[in-house]
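Working notes, structure below.
The values are calculated or read from the model by the stated rules, or taken from the named source; none is laboratory data. Not measured: the values here are computed from a predicted model. Here the Cβ positions follow ideal geometry from the backbone for every residue, glycine too, while neighbour counts run over all protein chains shown.
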């Protein structure tokens, strides 16, 4: 049997860890795609802390590779799937 398993390079969990998002995003590149649940407004303080250009992508349910491959909206805007 052959198979392949790919996962996130880093998963950060725990109370208060969301305050680290801005610093973590800054380490990863110049732009970010932030994937939230269907109610991104509940993450407003967190999203406002980002200093890098970013796109907020709301997903109802689990994101798929196909949905991530769709054209992204312009930086500073929001998209939903």
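Beta carbons closer than 7 Å, at least 6 apart along the sequence or on distinct chains, never pair a first residue in the stretch 1-21 that is under 22 Å from residue 43 (Cβ atoms) with a second that is surrounded by fewer than 10 Cβ atoms within 10 Å (Cβ to Cβ). Within the stretch 11-28, the residues that satisfy the criterion of being in a loop (DSSP other than H, G, I, E, B) and either closer than 12 Å to residue 49 by Cα or over 13 Å from the mean Cα position of the chain (by Cα) (or both) are 13, 14, 15, 16. Inspection of the stretch 16-29 identifies at least one residue that is touching a helix residue (DSSP H, G or I) at 6+ places or on another chain (Cβ under 7 Å) and modelled with pLDDT of 75 or more. Residues of the stretch 30-52 that are over 22 Å from residue 64 (Cβ atoms) and out of contact with any helix residue (DSSP H, G or I) (no Cβ under 8 Å at 6 or more places or on another chain): 30, 41, 42, 44, 45, 48. Looking only at the stretch 39-52, residues that are surrounded by 11 or more Cβ atoms within 10 Å (Cβ to Cβ), part of a loop (DSSP other than H, G, I, E, B) and modelled with pLDDT of 80 or more come to 2 in all.
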